[in-house]
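What follows is one structure encoded as structure tokens, with my remarks underneath.
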Amino acid sequence: MRIKLCMSLLFAGLVLFMLPNNQVNALSCARVDDHQERLKTFGGAVYGEILQSKEDVKQRGILGPKEYARYILVEVKRSWGIELPSQIMVSTDFTWGFPFEKGKAYLIYVQASDGELVSSPCSPVKEIQSLDQLDKAFGEGQAPVKQIHIENKMWFKTVTDYDLLIIAGGTIALLLIVFLSIKKRKENEC
């Protein structure tokens with residue numbers, strides 16, 4: 001009886017030990033009411049119209065943990081605290097993110113992180129009808145520094161896990177090549 005219990009515990013321990021570790025992030029948001037303080041805290045602000053919104057999966061390796069993000073394509077009208085081109089792609093947290101609607105204009109706080117623009121789950125997002133409100137709060141702001149079009153980059157954003165499809169397709173192709181070479185070798189021997 002003790003041997004079975006010890007073996008079961010050992011097996012369970014080995015299984016738990018071999019499972020990949022998952023990264024966990026905690027979220028703690030401090031309330032910031034002053035507009036200038038928000039610019040310092042969140043890095044910068046942008047006012048623009050949402051052109052597209054798509055989800056994407058991020059995964060480290062084939063068996064790594066998956067993270068989901070929502071990317072929004074923004075036509076920039078004005079920015080504060082950060083210089084931006086005419087179109088930007090902003091990563092928002094999929095689980096905590098704001099429900100952006102295509103065709104509507106928003107004030108979004110953004111910061112550069114790991115080579116992309118990110119909107120923190122803690123940063124406030126507000127639908128704005130007129131720039132007059134923002135000019136009073138932030139000042140004049142900056143127009144886009146150059147005209148670019150990056151709609152084509154949104155095409156590659158998807159929640160489909162292509163890693164497994166590529167592995168399955170590669171395995172099938174390899175098995176097919178081996179099968180055909182064996183069949184050809186047998187035909188040549190006859």
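The values are calculated or read from the model by the stated rules, or taken from the named source; none is laboratory data. All of these numbers come straight from a predicted model, not from anything done at the bench. Glycine also receives a Cβ, built like all others from the backbone with ideal geometry; neighbour counts cover every protein chain displayed. Accessible surface areas use protein heavy atoms only, side chains included; no ligands, DNA or RNA. Shrake-Rupley method; radii C 1.70, N 1.55, O 1.52, S 1.80 Å.
Within segment 1-47, the set of residues being under 19 Å from S91 (Cα atoms), polar (S, T, N, Q) and modelled with pLDDT of 70 or more comprises just one member, T41.
Scan segment 114-127 and give yes if some residue there is out of contact with any Cys (no Cβ under 8 Å at 6 or more places or on another chain) and assigned to a helix (DSSP H, G or I), otherwise no. Scanning segment 114-127 turns up no residue that is out of contact with any Cys (no Cβ under 8 Å at 6 or more places or on another chain) and assigned to a helix (DSSP H, G or I).
Here's the yes/no breakdown for (1) among the polar types (S, T, N, Q); (2) over 14 Å from V46 (Cβ atoms); (3) in contact with a helix residue (DSSP H, G or I) (Cβ under 9 Å, 6 or more places away or on another chain):
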residue	(1), (2), (3)
P85	no, no, no
T92	yes, no, no
I108	no, no, no
S113	yes, yes, no
S120	yes, no, yes
D132	no, yes, no
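Scanning segment 29-52 for residues that are open to solvent by 50 Å² or more (accessible area, probe 1.4 Å) and in a strand (DSSP E or B) turns up E49, Q52.
A count restricted to segment 100-121 and to residues that are open to solvent by 30 Å² or more (accessible area, probe 1.4 Å) and more than 16 Å from the chain's Cα centre (by Cα) stands at 4. In segment 145-159, the condition of being hydroxyl-bearing (S, T, Y), open to solvent by 50 Å² or more (accessible area, probe 1.4 Å) and modelled with pLDDT under 80 is met by no residue. For segment 68-94, the tally of residues that are open to solvent by 50 Å² or more (accessible area, probe 1.4 Å) and over 11 Å from the mean Cα position of the chain (by Cα) stands at 3. Residue pairs whose Cβ atoms lie under 8 Å apart, separated by 6 or more positions or on different chains, with the first residue in segment 101-118 and of a type in the set (A, V, I, L, M) and the second modelled with pLDDT of 90 or more and open to solvent by 30 Å² or more (accessible area, probe 1.4 Å), are A105/E49; A105/K77; L117/M89.
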